[in-house]
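*Asks:* Dropping the structure in here first, questions after.
The values are calculated or read from the model by the stated rules, or taken from the named source; none is laboratory data. Bear in mind the structure is a predicted one, so any value in this text is a computation, not a measurement. Because the Cβ atoms are built from the backbone with ideal geometry, glycine has one as well, and the counts that use them run over all protein chains shown. Protein only, heavy atoms only, side chains kept; ligands, DNA and RNA dropped before computing areas. Shrake-Rupley method; radii C 1.70, N 1.55, O 1.52, S 1.80 Å.
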2 protein chains.
Amino acid sequence: MLQLDYRDRRPLYEQIKEKMKELIINGILKQDERIPSVRELAQLLTINPNTIQKAYKDLEVEGFIYSIRGRGSFVAPLNDVINQTRLNELTKDLEKLIAEMMYVGLTKEQIISSVDRIYKERQDKMEDD
Amino acid sequence: MLQLDYRDRRPLYEQIKEKMKELIINGILKQDERIPSVRELAQLLTINPNTIQKAYKDLEVEGFIYSIRGRGSFVAPLNDVINQTRLNELTKDLEKLIAEMMYVGLTKEQIISSVDRIYKERQDKMEDD
DNA sequence: CTTGATGTATTATTTAAACTAATACACTTA
DNA sequence: TAAGTGTATTAGTTTAAATAATACATCAAG
């Protein structure tokens, strides 16, 4: 379900965050589905529970999961995810990315066709579920 | 010209890289223009020269600047910037970003109109120079 | 040819962040 | 009640970032 890469120079909790986001975004984990507990995942990955805790806390702040003491952690419903702060961050990231793409000489048409292709590929993938 | 943020949790050399990229991408620094020397910038920012050196080395690898021993560091000509490796990285970043934007419910049209807006804004800005 | 500036490299040290470890507590469910 | 959950705290270790002090090769100017 989750594989860590120790050659990766990024912190473990970042890797966990990214992998978990992917699982949620790609629909592998469904809304309100329970995800492994802090201790379970720590044991599975043979790392410290505190590291999982940090990853989960970040994911909760970003709106991807919610946690209930005594019960566990769960995939957040979409409504919770769509918060303006996150949207602003994503837009800012998009601006940076496009700025660099323009700089290396990509035309608007090239960029948009990339967006189009990516969008289509993702839609196809989601329809398979 | 360059302002560091010590509340930022990212490493200083990352901040320097990002700021320098912005200056180049936004056309503030022109092709073949000389940028501050390692020692100059270190003194200006009151940080260690080795930190600047690391930032500059990274920027050179990514194709944004080139350095000549004994002379200084300069903004790279565009042709050098367009390398396939960098393009692949940018495309991968774009894929991740769009995936998350789709997840939070943005339609293809919304994303493309964002791209369109960003592109136009940047073109206007560049024409002012 | 000397001088001062440049990029580059190396080694050692300090500082900060990431990670581990061991507990503790409040809450939920069976 | 017992076992599992999230959460918090404190301490220690490990790793990365940043500093510090040099050294060397190159280039331009005097």
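*Asks:* Testing the spin-label approximation: label points 7 Å from Cα along Cα→Cβ at A:Glu95 and B:Thr85. State their distance in nm.
*Replies:* Between A:Glu95 and B:Thr85, the label points sit 3.0 nm apart.
*Asks:* OK, next. Calculated from DSSP H runs of 4 or more alone, at -39500 (n - 2.57) each and per residue, what is the 222 nm mean residue ellipticity of chain B, nearest 500?
*Replies:* Helix contribution divided over all residues of chain B: -20000 deg cm²/dmol.
*Asks:* Can you list the copy-to-copy distances for A:Ile112, using a point 7 angstrom from Cα toward Cβ, in nanometres, shortest first?
*Replies:* For A:Ile112, the inter-copy label distances come out at 0.7 nm.
*Asks:* For the stretch A:12-80, evaluate the Debye formula with one uniform point scatterer on each Cα (no solvent term) and list log10 I(q)/I(0) at q = 0.18, 0.20, 0.21, 0.24 Å⁻¹, rounded to two decimals.
*Replies:* The computed values of log10 I(q)/I(0) come out as -0.60, -0.75, -0.83, -1.10.
*Asks:* Can you work out D for the stretch A:83-127 in µm² s⁻¹ from Stokes-Einstein, where Rh is the Kirkwood radius over C-alpha pairs, the temperature is 4 °C and the viscosity is 1.567 mPa s?
*Replies:* 109 µm²/s
*Asks:* Considering the alpha-carbon set of the protein assembly as shown alone, what are its Rg and its Dmax in angstrom?
*Replies:* 21.0, 64
*Asks:* Would you mind calculating the relative contact order of the stretch A:25-129 from Cα pairs under 8 angstrom and at least 6 residues apart, reporting the percent as a whole number?
*Replies:* Worked out over the stretch A:25-129, it gives 25 percent.
*Asks:* Can you compute the charge dipole magnitude of the stretch A:1-67 about its Cα centre, using +1 on each Lys and Arg Cβ and -1 on each Asp and Glu Cβ, nothing else charged? Give it in debye, rounded to the nearest 20.
*Replies:* Here the size comes out at about 160 debye.
*Asks:* For A:Ile65, enumerate residues with amide H under 5 Å from its amide H, sequence gap 5+ or separate chain, H modeled in the peptide plane.
*Replies:* Close amide H contacts, sequence-distant or interchain: A:Glu60, A:Ala76.
*Asks:* Further, regarding this structure: Taking beta carbons within 10 Å but only from partner chains, what does the mean come to for residues B:89-98?
*Replies:* Averaged over the peptide's residues, the number is 6.
*Asks:* Could you tell me which of the pairs A:Lys125/B:Lys108; B:Lys17/B:Lys57; A:Lys108/B:Lys57; A:Lys92/B:Lys19; A:Lys108/B:Lys30 are separated by over 20 angstrom between their Cα atoms in the structure shown?
*Replies:* Violating the 20 Å limit, Cα to Cα: A:Lys108/B:Lys57; A:Lys108/B:Lys30.
*Asks:* What accessible surface, in Å², does a 1.4 Å probe find on B:Thr85, ignoring ligands, DNA and RNA and rounding to the nearest 10?
*Replies:* Per-residue accessible area (B:Thr85): approximately 90 Å².
*Asks:* Kirkwood hydrodynamic radius, chain B, all distinct C-alpha pairs: what's the number in Å? Walk me through the numbers on the way to the answer.
*Replies:* Details: mean 1/r = 0.0597 Å⁻¹.
Answer for chain B: a Kirkwood hydrodynamic radius of 16.7 Å.
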